[in-house]
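The values are calculated or read from the model by the stated rules, or taken from the named source; none is laboratory data. On a predicted model such as this, the values are computed, not experimentally measured, just so you know. Don't worry about glycine lacking a Cβ; one is built from the backbone with ideal geometry, like all the others, and counts go over all protein chains shown.
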Amino acid sequence: MSNPRLKYGQLAPEGLARMQELEHYLNTGTGLEASLMGLVRLKVSLMNGCEYCVRVHTSELKKENETAERVAVVGSWRGSEAYTKRERAALAWAEAVTDIQVGHAPDVVYDEVRAHFDEVETVNLTLVITTINAWNRIAISLGAFPGHGDEVKA
């Protein structure tokens, strides 16, 4: 989106600050692997069509020394052997939670997540998924535009 609809960061700074606080917790306080969270954020952003967030998370994954192959095929991860079982469970859960209207996060997907993530990790992974969905919706609906103080910082 070239022209922002609203300068939301200036209009609701406290709300955005709270979201950024949650992101800080997710990035530093959960123990979840940075690359796993990056892959999940990229997958969700691809699903939602948030071009800005796709660019951000692709760049972040490269900084985490992710391989070009793993970054490039995250959108079609099921057809690739590039991901661990834990990552595959996280990506499947990301799809289910993002596309919640289809199947309402089926038990089979939840059971697979629980096979690879403990209870606390499952909650934190779900928070990662829901926050990137929120950032995507803000960026898509109101506009993400670097340099204007309202860019998404997920």
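Right, residue 31: of a type in the set (Gly, Ala, Ser) and within 21 Å of residue 140 (Cβ to Cβ) or not? When the stated conditions are applied, residue 31 does not pass them. When region 75-104 is filtered for residues that are β-branched (Val, Ile, Thr), surrounded by fewer than 16 Cβ atoms within 10 Å (Cβ to Cβ) and under 16 Å from the mean Cα position of the chain (by Cα), only 100 remains.
Of the helices (runs of 4 or more DSSP H) lying entirely inside region 65-135, the ones with 1 or more residues being β-branched (Val, Ile, Thr) and over 14 Å from residue 43 (Cα atoms) are found at 107-116. Residue 121 falls short on exactly one of the conditions (1) within 24 Å of residue 138 (Cβ to Cβ); (2) surrounded by 12 or more Cβ atoms within 10 Å (Cβ to Cβ); (3) at pLDDT 95 or above, and that condition is (1). Residues that are among the hydroxyl-bearing types (Ser, Thr, Tyr) number at least 2 in the following helices (runs of 4 or more DSSP H) confined to region 1-54: 13-28, 34-48.
Which residue, of 72, 34, 68, is surrounded by fewer than 16 Cβ atoms within 10 Å (Cβ to Cβ), touching an Asp or Glu at 6+ places or on another chain (Cβ under 6 Å) and among the hydrophobic types (A, V, I, L, M, F, W, C)?
Exactly one of 72, 34, 68 is surrounded by fewer than 16 Cβ atoms within 10 Å (Cβ to Cβ), touching an Asp or Glu at 6+ places or on another chain (Cβ under 6 Å) and among the hydrophobic types (A, V, I, L, M, F, W, C), namely 34.
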